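First the structure, in the form of structure tokens, and then the observations on it.
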Amino acid sequence: MYRWIALALSLTLLAACGRGVPDQARVVVAGDSIMAWNRVEGASVADRLEARLGQPVGDVSLSFARVAGGSGPLNIPTQLNGVRADWIVLNGGANDLSAGCDCSACGPVLNRLISDDGQRGAIPALVRDLRGRGARVVWADYYTAPRYAGTGCEAPYEVLEARLTRMAAADPGVTLVDMDDAFTPTDLSLFAGDRTHPSAKGSALIADQILPVLQR
């Protein structure tokens, strides 16, 4: 019982640290802990994008958030309820996979997230909804973390990336940014002590990979 109370308090504190969406924000960041990490220090992905763009950036991302599960702000589509912006930058799926298949037999979870052709599932439905609101979408694909490099946990993420690539290829208003293009699991300076989440340097690198898309 105490464990769940502690978790609830932690989530409340995380939510309290969320920056929200300023009225004039043209860019909004959503998603899970990869996006939200380092927010307390003012060094999250959204913080870094705001500094580099020189304009307000909204941030509704939250640790433990899922694409096809969770409730309230722990559900990524719900994070974006009522949000309208020129650009939505987001990620998601890791918590769905970790809760639903633990790196093995992940086919059903992957299919719920996004079909093989990239056109059906919770992720394409969310992206279509955002596009229908007039937003351009940047989907930040996951990097390979040192904790999981070289293990069977890489396989479902490779499938997820391939499907996301097909989704993005079908819509010029959607861009997939693959963090594996910049992150290497052997560079521990990019990762927090848990060897999974980004360090402040890692969050800055994520922002740097996304920035050129926003500046086109």
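Here, each number is a calculation from the coordinates, and none is a lab measurement. On a predicted model such as this, the values are computed, not experimentally measured, just so you know. Cβ coordinates were reconstructed from backbone atoms using ideal geometry, including for glycine residues, and neighbour counts include every protein chain displayed.
Overview of values
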read-out: Extreme residue, surrounded by the fewest Cβ atoms within 10 Å (Cβ to Cβ), among residues of the range 191-214 that are more than 16 Å from the chain's Cα centre (by Cα) and free of Cβ contacts under 8 Å to residues at least 40 places away in the same chain; value: Gly193
read-out: Some residue of the range 148-169 being within 27 Å of Ala51 (Cβ to Cβ) and outside any helix (DSSP H, G or I); value: no
read-out: So Asp187, is it charged (D, E, K, R) and either in contact with a strand residue (DSSP E or B) (Cβ under 6 Å, 6 or more places away or on another chain) or loosely packed, with under 13 Cβ neighbours inside 10 Å (or both); value: no
read-out: Residue satisfying all of: in the range 166-176; out of contact with any Pro (no Cβ under 9 Å at 6 or more places or on another chain) and surrounded by 15 or more Cβ atoms within 10 Å (Cβ to Cβ); farthest from Pro146 (Cα to Cα) among these; value: Asp171
read-out: Residue match in the range 158-166 (condition: in contact with a helix residue (DSSP H, G or I) (Cβ under 9 Å, 6 or more places away or on another chain) and basic (Lys, Arg)); value: yes
read-out: Enumeration of residues in the range 188-216 that are more than 15 Å from Arg147 (Cβ to Cβ) and hydrophobic (A, V, I, L, M, F, W, C); value: Ala200, Ala204, Leu205, Ile206, Ala207, Ile210, Leu211, Val213, Leu214
read-out: Subset of the range 51-67 that is within 10 Å of the chain's Cα centre (by Cα) and of a type in the set (A, V, I, L, M, F, W, C) - its residue that is surrounded by the most Cβ atoms within 10 Å (Cβ to Cβ); value: Ala65
read-out: When residues of the range 20-62 are limited to those that are part of a loop (DSSP other than H, G, I, E, B) and in contact with a His (Cβ under 9 Å, 6 or more places away or on another chain), the one farthest from Gly121 (Cα to Cα); value: Asn38
